[in-house]
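A.B. asks: One structure, as structure tokens, below. Some questions next.
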Amino acid sequence: MKWQGRSWGTLGDSITAANGYQPLVSAALGFSAVRNYGRGGCPMTAGGPTDEGATVNIGRGIHDVLDCITIFAGTNDYRLDKPLGEWDTKDPGSLTFTGAYRTLIEHILSQNPACRLNLWTPLQRDKDGYDVDRPNSLGHRLDDYAEAVRRLGRSYALPVLDLYAESGLNRLTLPAFTEDGLHPNPQGHARIASMAVSFLERL
């Protein structure tokens, strides 16, 4: 198996915290240790009432030397009206989505350059009036956050699993793959895992 005996850390929101896709991926690829750092209701971006659980802050607190780390965030940044941020600033900070994501990537790779870091876009959603068509209060659509993840992958030469564009979860299929239009049910986690297995296998 590709990852036999290796360690995997998963960063993200409630979809990751649910620990639904990780056991399936681990069983298929042979990871010996899986660390779940997911925090429900929290975005990538720091600041505000979700600051403690922000993915950037959780990630900067990881001290384990892991062989593989996955970042799966963005849907809460869209829902909580987090600014996308600028690309060309030298000090990105962590109060915008792009800045926080860059801060986390650079922290992980400076601490653990041999780690196979990989980025996953948010899934499409249709919950609480927030879907793929509605812009948030800043005028950003969910795909704008997904596109930021894609661009970060290109910028840092990191592989991107584009669940937004390729998972098959959309407004027609979300009732079959999620509990509420956002959080995957067992079938949804199985779909994520099936894509993640082939994705991680090639890294």
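A.B. asks: Test of understanding: among Arg171, Arg151, which residue is modelled with pLDDT of 95 or more and either part of a helix (DSSP H, G or I) or on the phi > 0 side of the Ramachandran plot (or both)?
C.D. replies: Among Arg171, Arg151, only Arg151 is modelled with pLDDT of 95 or more and either part of a helix (DSSP H, G or I) or on the phi > 0 side of the Ramachandran plot (or both).
A.B. asks: Do we find a residue being open to solvent by 20 Å² or more (accessible area, probe 1.4 Å), of a type outside the set (Val, Ile, Thr), under 29 Å from Glu166 (Cα atoms) and in a loop (DSSP other than H, G, I, E, B) anywhere in the stretch 96-110?
C.D. replies: no
A.B. asks: A further question follows. Just to verify a result, which residue in the stretch 189-201, among those that are in contact (Cβ under 8 Å) with a residue 12 or more places away in the chain and more than 22 Å from Ala176 (Cα to Cα), is most open to solvent (accessible area, probe 1.4 Å)?
C.D. replies: Across the stretch 189-201, the extreme among qualifying residues is Glu201.
A.B. asks: Another question about this same structure. Leu200 - would you say it is aliphatic (A, V, I, L, M), out of contact with any Ser or Thr (no Cβ under 6 Å at 6 or more places or on another chain) and outside any loop (DSSP other than H, G, I, E, B)?
C.D. replies: yes
A.B. asks: May I ask you to say which residue of Asp81, Asp51, Asp77, Asp64 is of a type in the set (Asp, Glu), modelled with pLDDT of 95 or more and part of a loop (DSSP other than H, G, I, E, B)?
C.D. replies: Asp81
A.B. asks: Here's a follow-up. Please work out which one of (1) closer than 30 Å to Ala27 by Cα; (2) modelled with pLDDT under 95 is the condition Pro92 fails and give its number.
C.D. replies: Result: Pro92 passes all but (1).
A.B. asks: Another question, then. Check whether at least one residue in the stretch 26-42 is hydrophobic (A, V, I, L, M, F, W, C), open to solvent by less than 10 Å² (accessible area, probe 1.4 Å) and closer than 19 Å to Leu138 by Cα, and report yes or no.
C.D. replies: Within the stretch 26-42, none of the residues are hydrophobic (A, V, I, L, M, F, W, C), open to solvent by less than 10 Å² (accessible area, probe 1.4 Å) and closer than 19 Å to Leu138 by Cα.
A.B. asks: Another question, then. Among residues belonging to the stretch 14-48 that are aliphatic (A, V, I, L, M) and in a helix (DSSP H, G or I), point out the one that is nearest to Phe97 (Cα to Cα).
C.D. replies: Out of the qualifying residues, it is Ile15.
A.B. asks: Could you give every pair whose Cβ atoms fall below 7 Å, whose first residue belongs to the stretch 26-38 and is farther than 18 Å from Val65 by Cα, and whose second residue is open to solvent by 40 Å² or more (accessible area, probe 1.4 Å) and not charged (D, E, K, R), counting only separations of at least 6 or pairs across chains?
C.D. replies: Leu29/Met1
A.B. asks: For residues that are touching a helix residue (DSSP H, G or I) at 6+ places or on another chain (Cβ under 7 Å) and among the hydroxyl-bearing types (Ser, Thr, Tyr), tally how many sit in the stretch 103-126.
C.D. replies: Total satisfying the criteria: 2.
A.B. asks: OK, next. Just to verify a result, which residue in the stretch 111-143, among those that are in a helix (DSSP H, G or I) and farther than 14 Å from Leu80 by Cβ, is nearest to the chain's Cα centre (by Cα)?
C.D. replies: In this case the residue turns out to be Asp143.
A.B. asks: Please state which of the following conditions Val149 fails to meet, knowing it meets all the rest: (1) under 17 Å from Phe97 (Cα atoms); (2) of a type in the set (Val, Ile, Thr); (3) open to solvent by 10 Å² or more (accessible area, probe 1.4 Å).
C.D. replies: Unmet for Val149, out of (1) under 17 Å from Phe97 (Cα atoms); (2) of a type in the set (Val, Ile, Thr); (3) open to solvent by 10 Å² or more (accessible area, probe 1.4 Å): (3).
The values are calculated or read from the model by the stated rules, or taken from the named source; none is laboratory data. On a predicted model such as this, the values are computed, not experimentally measured, just so you know. When we count neighbours, we look across all protein chains shown, and the Cβ atoms used for this are built from the backbone with ideal geometry, even at glycine. Accessible surface areas use protein heavy atoms only, side chains included; no ligands, DNA or RNA. Shrake-Rupley method; radii C 1.70, N 1.55, O 1.52, S 1.80 Å.
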